[in-house]
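Presented below is the structure to which this report refers.
The values are calculated or read from the model by the stated rules, or taken from the named source; none is laboratory data. Treat the numbers as computed from the prediction; the structure is a model and nothing was measured. A quick note on method: Cβ atoms are made from the backbone with ideal geometry, for glycine too, and the neighbour counts reach across all protein chains shown.
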Amino acid sequence: MPKERSNHLYQLIKSMSRSEKRYFKLVSNESKSNSSKKFMLLFELIDKQDVFDEEQLLASTPELKPIQFSNLKAHLYKRILQALRQFHLTKMEDAEIREMIDHAELLYNRGLYDQCADILRKSKKKAQKSDHLELLLEILRWEKSLLTHTLDKHNQRRVNKLIQEVQDTNDRINQINKFSNISAKLNAFYLKVGYVKSEKDLKKVNDLVNNDILSIDEDKFSINEKLSLYELYIGFYYFTHNVEKGHWYAEKCLHIFHNDPNLIPSRLDVYIRTINNLLIGQYKLYKYKDFIDTKSLFRKIRSNEKIELSENIKMKLLKYSYVHEFNRLFMLGDFTGGVQRVNLLLNNIEFFIEKLNKHSRLILYYKIACLYFGASDFRLSSKWLNRIINSDALEMDVREDVHVYARIVNLICHYEMGNTDLVDYYVKSTYRFMLRKDNLFKFQIYIMKFLKKLSRNMNDHELTNAFIELKDLLKPLESDQFEKHPFMYFDIISWLEGKIEKKSVQEIIQSKAKVLIGEDYPA
C-alpha cells in the first residue's frame, strides 16, 4: 500500500469512536486465525500512534514482515469498513435496504422466487416510506426480473403497474438531478467569485437558472423534490442579493422537517444545511430573536438520542456553531466579547481549522479578523488577514471577493497602526490584485484613492473632512443592487462615522444594532 493509502488507514482508525473500536475488536477476536491476530496487532499499534510512522512499526514489531505489510494494511482497511457498515446497519436505513436487496439477489440466484418476492416487498415499503428513489428503482428492476417466474391471472395488470412505477420513479430522480445539477453549478461559481457583483455575473447566473425553474409548480412534488428545489432557490436568491426571498425559502425548507421530525435522522445533512441557510438570512435581516431560536437547533441535534452523529456531522455542527456565534456577536456589535471568546478558545480553534476545507477556513479567518478589528485590536486583525493574503495559489482561487476585502481591511489596519510607509505600497499591490481578479467596485476604488492620499501630516480638521468626503461618496452605494453587498464584508461607513465622531467602531455599530434589532436587543 503506498504511503498515501497508509495515511488513509491511519486516518480511518483515528476517526473511529470508542464504541466502533470496541465492536471491531469484538468481531475480529471471534476468529482465532493467525491472520486475525496480525490484523488486531496492527490495529492496536496504529491506534496508539500520535503520528503515523510505518518504519517505526516494522522496526519495533518482528511479527509484521515487510514483504506482507502492504497486503496486511489493505485487508485491515477493508475489514474495518465492513465492521463499520455492520455496526451502523440498523442506524442507516439506506444500508439496511441495500442489504435486503442483496439478500433478494441471493434468493433469486437460488431459484427461491417466492422468498425473493417477499423480501422485495418489505424492502420496497421501506424505500417508499423513506423516499430512497435510487434504491426503489433497484427494487423495481428486480421485481421486473421476477415477473416471468411468478405468473398469476393478474400478470398484465402487474406489468402495467410496474412500468408506471418505474416511469414515475425515473421522472422524480431526473427532476431532483436537474435541481441538484444547477445547485452544483451555482455553488462552483459562488466558491470562485463570491456573490454576484455585476450585470455580467447576474447574466451568467440567470443563464444557469432559467425562468422555468423559478416559476415551477411544486404542488405535486414529493418531499425530496421540494427539498432539492428549495435548496436551489435559497442558493440562487442569496447569491443574487435577494435575502428576503432566500430567507423565505429557508423557512419553507425547515417547516418540512418540523412538520415531520422523523425525516431529520435520515436527512440530517440536509437538515443542518437548512438551519445554516436560515441563520444566514436571519443574520443579514437582523432577526435576532429568530436567530437565537434557530441557532438552538444545533444543540437539540446533539442531545437527540435518536440521531447518530458521524464525525462528518460533528464537524459541520462545530463549524456552523462557531460561524454563527461570530455572526451573533457581529449583529450585536459585541466585538470585545467576541475577542475574549476567541482568546479563550484559541487552541481549540487552531485544531479545528486544520480539519476545515479551504472555503470554510477562509471564512473563519476573515470573521476572526473582523472581530479583532471591531475591538480595535488592529495588530491581531492584520495577523489573521495575512493568513488569507499569504494563501497558496490554489486557495487564491476560492472566494476571490474575500481575498480582495481581506487586503482592503488590512490596509486600514496598517493605517490605524500608523504604518503609513506601508500603506502606499499595499495600496498599489492591492490595486494590482483587484485588476487581475476583475473585481473592481466603486466601493473599492473610492477606498483605495482615499487611503492613498491619507497622510499623518494632515491636521485633525483636514482628516475629518477627508472622512466626511469618503462617507458622502460611499453612502449612495448602500442602495445600489451590486455595490451594496461589499458593506456586508466590512462596515466602512461605521468606521468612518467613528473617525468623524471620535468614537470606536464598536460604539457606532452597537448603537445601530440597538435600532435595527429593536426590543429584542439583549439588555
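Starting from the range 180-198, keep only residues that are surrounded by fewer than 14 Cβ atoms within 10 Å (Cβ to Cβ), then list their pairs with residues that are at pLDDT 85 or above and among the charged types (D, E, K, R) whose Cβ atoms are within a distance under 7 Å, requiring at least 6 positions of separation or different chains.
none
Find the residue count for the range 49-60, including only residues that are surrounded by 14 or more Cβ atoms within 10 Å (Cβ to Cβ) and either within 21 Å of Ser36 (Cα to Cα) or in contact with a Lys or Arg (Cβ under 7 Å, 6 or more places away or on another chain) (or both).
The qualifying residues number 3.
Please state which of the following conditions Leu474 fails to meet, knowing it meets all the rest: (1) modelled with pLDDT of 90 or more; (2) assigned to a helix (DSSP H, G or I); (3) more than 31 Å from the chain's Cα centre (by Cα).
The single condition Leu474 does not satisfy is (1).
Among the residues that make up the range 361-379, is at least one of them part of a loop (DSSP other than H, G, I, E, B) and at pLDDT below 85?
No, every residue in the range 361-379 fails to be part of a loop (DSSP other than H, G, I, E, B) and at pLDDT below 85.
Quick one: in the range 451-465, which of the residues that are in a loop (DSSP other than H, G, I, E, B) and of a type in the set (A, V, I, L, M, F, W, C) is nearest to Leu411 (Cα to Cα)?
Leu454
Condition check ((1) touching a strand residue (DSSP E or B) at 6+ places or on another chain (Cβ under 7 Å); (2) of a type outside the set (A, V, I, L, M, F, W, C); (3) surrounded by 19 or more Cβ atoms within 10 Å (Cβ to Cβ); (4) not in a helix (DSSP H, G or I)) across all residues:
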position	(1), (2), (3), (4)
Gln481	no, yes, no, yes
Glu497	no, yes, yes, no
Lys503	no, yes, no, yes
Leu516	no, no, no, no
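Hey, can you tell me all the residues within the range 236-255 that are touching a residue at least 12 places away in the same chain (Cβ under 8 Å) and either farther than 26 Å from Glu199 by Cα or not in a helix (DSSP H, G or I) (or both)?
Across the range 236-255, the qualifying residues are Thr240, His241, Glu251, Lys252, Cys253, Leu254.
Mind telling me which of the residues Glu105, Glu96 ends up being assigned to a helix (DSSP H, G or I) and closer than 19 Å to Asn224 by Cβ?
Glu96
Any chance the range 483-496 includes a residue that's over 31 Å from the mean Cα position of the chain (by Cα) and either at positive phi or touching a residue at least 24 places away in the same chain (Cβ under 8 Å) (or both)?
Scanning the range 483-496, I find at least one residue that is over 31 Å from the mean Cα position of the chain (by Cα) and either at positive phi or touching a residue at least 24 places away in the same chain (Cβ under 8 Å) (or both), so the answer is yes.
Would the range 301-314 turn up any residue that is touching a helix residue (DSSP H, G or I) at 6+ places or on another chain (Cβ under 8 Å) and among the hydroxyl-bearing types (Ser, Thr, Tyr)?
No, the range 301-314 contains no residue that is touching a helix residue (DSSP H, G or I) at 6+ places or on another chain (Cβ under 8 Å) and among the hydroxyl-bearing types (Ser, Thr, Tyr).
Considering only residues that are without any contact (Cβ under 8 Å) to a residue 60 or more places away in the chain and not in a helix (DSSP H, G or I), look in the range 296-333 and name the one that is farthest from Asp269 (Cα to Cα).
Residue satisfying both the conditions and the ranking: Glu305.
Check Ile468 against each of (1) hydrophobic (A, V, I, L, M, F, W, C); (2) in a helix (DSSP H, G or I); (3) surrounded by 15 or more Cβ atoms within 10 Å (Cβ to Cβ) and name the one condition it does not meet.
If we test Ile468 against (1) hydrophobic (A, V, I, L, M, F, W, C); (2) in a helix (DSSP H, G or I); (3) surrounded by 15 or more Cβ atoms within 10 Å (Cβ to Cβ), just (3) comes out false.
Go through (1) farther than 16 Å from Phe179 by Cβ; (2) surrounded by fewer than 21 Cβ atoms within 10 Å (Cβ to Cβ) and name the single condition Asn210 misses.
With respect to (1) farther than 16 Å from Phe179 by Cβ; (2) surrounded by fewer than 21 Cβ atoms within 10 Å (Cβ to Cβ), Asn210 is out only on (1).
Just checking, which of Gln156, Gln128 is among the polar types (S, T, N, Q), under 40 Å from the mean Cα position of the chain (by Cα) and either under 30 Å from Asn177 (Cβ atoms) or part of a helix (DSSP H, G or I) (or both)?
So the residue among Gln156, Gln128 that is among the polar types (S, T, N, Q), under 40 Å from the mean Cα position of the chain (by Cα) and either under 30 Å from Asn177 (Cβ atoms) or part of a helix (DSSP H, G or I) (or both) is Gln128.
Is the range 393-407 home to any residue that is closer than 18 Å to Ser504 by Cα and in the same structural domain as Gln506 (by TED's automatic domain parsing)?
No, the range 393-407 contains no residue that is closer than 18 Å to Ser504 by Cα and in the same structural domain as Gln506 (by TED's automatic domain parsing).
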